[in-house]
Amino acid sequence: MKRLFCISRYPGIVVFGLAGLAAALFAYFTYNLLTVSMANLRFIREHGWVAITSGGLLQLLGIVATGAVALFNWLLFKACENELIDRYRRWQDR
């Protein structure tokens, strides 16, 4: 299982594709995070305690989970970017 997560053993095109997928998912989740969190905060601000008991707090937890997924995708992108830069530098030094 440990070898599955070692991106240095995958071909460069796979790492590049994974970086692109992670960047696209990061962009989607970040945009979604902003729109939903603004709507949730407005809902809580307008309706107060009723909004929290009606599910506003549960939705806030969902927003936090979406933020965690966005952060994971950003970290995956940065790991792929670092691997590709290291490969390029090794190729350049040959």
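Every read-out reported here was derived from the displayed coordinates using simple, explicitly stated rules and does not represent laboratory data. Computed from a prediction, not measured in an experiment: that's the story for all the values here. Neighbour counts run over all protein chains shown; Cβ positions are idealised from the backbone, glycine included.
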Whole-Hz Karplus couplings 3J(HN,Hα) for segment 50-65, θ = phi - 60° and coefficients 6.51, -1.76, 1.60, Gly and Pro as x, run 4, 5, 5, 6, 8, x, x, 5, 5, 5, 4, 5, x, 5, 5, 5
Among [x] 121; [y] 100; [z] 130, the entry matching volume of the Cα convex hull per residue in Å³ as calculated here is [y]
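Before rounding to the nearest 500, sum -39500 (n - 2.57) across all DSSP H runs of length at least 4 in the chain and divide by the residue total; then give [θ] at 222 nm in deg cm²/dmol. Write out the running numbers ahead of the final one.
On the way: 2 runs with 73 residues, N = 94.
It lands at -28500 deg cm²/dmol.
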If every Lys and Arg gets +1 and every Asp and Glu gets -1 at its Cβ, then about the Cα centre the chain yields a dipole, in debye to the nearest 20, of 360 debye
Expressed in angstrom and rounded, the centroid-to-centroid distance over alpha carbons for segment 66-94 and segment 32-63 is 34 Å
Of the candidates Val50, Gln92, Phe5, the farthest towards the positive dipole end of the chain (Lys/Arg Cβ +1, Asp/Glu Cβ -1, centred on the Cα centre) is Gln92
